[in-house]
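Remarks on the structure that follows.
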Amino acid sequence: MPTPNPARTRRLLAAGAASVITVLALLLAGATSARAATTPVYKGTGWKADTANGIYSISPDPYTVVFADMTARTKLSRYFTGPAAQLAGLGIKVIVSTTIDTSTTTCPSRHRIIVHYTYRPTGTQGMSQARSCYAIADGSAWGGHILMDSEYWTSSSWFSADATTNEARRKDAVSHELGHILGLAHPNVDLDRDGVIENGECVRNTAGLRPLMCAPNRGNPPVTAGGKFTSEFDLPGLRQMLQNYYLRQT
């Protein structure tokens, strides 16, 4: 049986609205790979499992993306194919279907991810939301609802005046919420040691890119990186979350 998590929200701010925090590039040279772990691991450099909301692992069984209505399918379907391909490379199966599912239950059927396209789903400007659920029996990601704020598409200059940048940010927004459904939390940390974990306060790779799961977002990614989980941070975390499923069975 599934249990719903408290809904997580993230705010994608218009360009210039969020403060920029300069942080050091942090990479763990020679870090132990997820595949080498012999016990479950729930956090690492630039990633963190959403254990606070009951998710400790990702199941190897397929997850299926469906849509709340035709508009959601038309607008958002293509934004899931890129991250699904990335996840497939890790052994995490996410199927992007054409199915319409109008279910409003808090937790849909097992491994179903229902995607909504709606104006201000939380009632707050710029907020999208992941309503994830977890399996009580083993703490694995169950599925849930993704509610994407339509403002990202209907306001042509929501993120910037550049259409290419805007599209990369939209891709990031969708993948970020998918990451939450699969059990990743925001990896922000108190890098400047001022006692406060702030928006955007996340590690960076050598190219200066934050994890895709950074809150409230990682800023403007390179166009080619839009919607892609980072190879140094997010992907090792997702790989470990899959490995945790097997490790927790023993």
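The values are calculated or read from the model by the stated rules, or taken from the named source; none is laboratory data. This one's a predicted model, so the numbers in the text were calculated from it and none came from an experiment. A quick note on method: Cβ atoms are made from the backbone with ideal geometry, for glycine too, and the neighbour counts reach across all protein chains shown. Calculation scope for accessible area: heavy atoms of the full protein, side chains included, ligands and nucleic acids excluded. Shrake-Rupley method; radii C 1.70, N 1.55, O 1.52, S 1.80 Å.
Every test in (1) surrounded by fewer than 19 Cβ atoms within 10 Å (Cβ to Cβ); (2) at pLDDT below 95; (3) of a type in the set (A, V, I, L, M, F, W, C) is passed by LEU12 save one, and that test is (1).
For the range 146-156, the criterion of being farther than 27 Å from ILE100 by Cβ, among the hydroxyl-bearing types (Ser, Thr, Tyr) and free of Cβ contacts under 8 Å to residues at least 60 places away in the same chain is met by at least one residue.
Among the residues making up the range 191-234, a single one is assigned to a helix (DSSP H, G or I) and buried (at least 22 other Cβ atoms within 10 Å of the Cβ): ASP234. Among helices (runs of 4 or more DSSP H) entirely within the range 70-173, having at least 2 residues that are out of contact with any strand residue (DSSP E or B) (no Cβ under 6 Å at 6 or more places or on another chain) and among the hydrophobic types (A, V, I, L, M, F, W, C) singles out 78-88.
If I ask for residues that are of a type in the set (Gly, Ala, Ser) and either touching a helix residue (DSSP H, G or I) at 6+ places or on another chain (Cβ under 9 Å) or open to solvent by 10 Å² or more (accessible area, probe 1.4 Å) (or both), which ones from the range 55-89 would you list? Across the range 55-89, the qualifying residues are SER57, SER59, ALA68, SER77, GLY82, ALA84, ALA85, ALA88, GLY89. Is it true that SER132 is touching a Lys or Arg at 6+ places or on another chain (Cβ under 8 Å), of a type outside the set (A, V, I, L, M), open to solvent by less than 40 Å² (accessible area, probe 1.4 Å) and under 15 Å from THR64 (Cα atoms)? So SER132 passes the test.
In the range 195-250, what residues are of a type in the set (Val, Ile, Thr) and either closer than 18 Å to PRO60 by Cβ or over 15 Å from the mean Cα position of the chain (by Cα) (or both)? Scanning the range 195-250 gives VAL196, ILE197, VAL203, THR206, VAL223, THR224, THR250. Any residue at all in the range 105-119 that's in contact with an Asp or Glu (Cβ under 6 Å, 6 or more places away or on another chain), under 20 Å from ARG170 (Cβ atoms) and open to solvent by less than 50 Å² (accessible area, probe 1.4 Å)? Scanning the range 105-119, I find at least one residue that is in contact with an Asp or Glu (Cβ under 6 Å, 6 or more places away or on another chain), under 20 Å from ARG170 (Cβ atoms) and open to solvent by less than 50 Å² (accessible area, probe 1.4 Å), so the answer is yes.
For TYR246, the conditions (1) surrounded by fewer than 17 Cβ atoms within 10 Å (Cβ to Cβ); (2) closer than 19 Å to THR45 by Cβ; (3) not acidic (Asp, Glu) are fulfilled apart from (2). Candidates are the residues of the range 91-104 that are among the small types (Gly, Ala, Ser) and exposed (fewer than 14 other Cβ atoms within 10 Å of the Cβ); the one that is modelled with the highest pLDDT is GLY91. Which of the residues spanning the range 162-186 are farther than 22 Å from THR224 by Cβ and open to solvent by 10 Å² or more (accessible area, probe 1.4 Å)? Hits for the range 162-186 are ALA185, HIS186.
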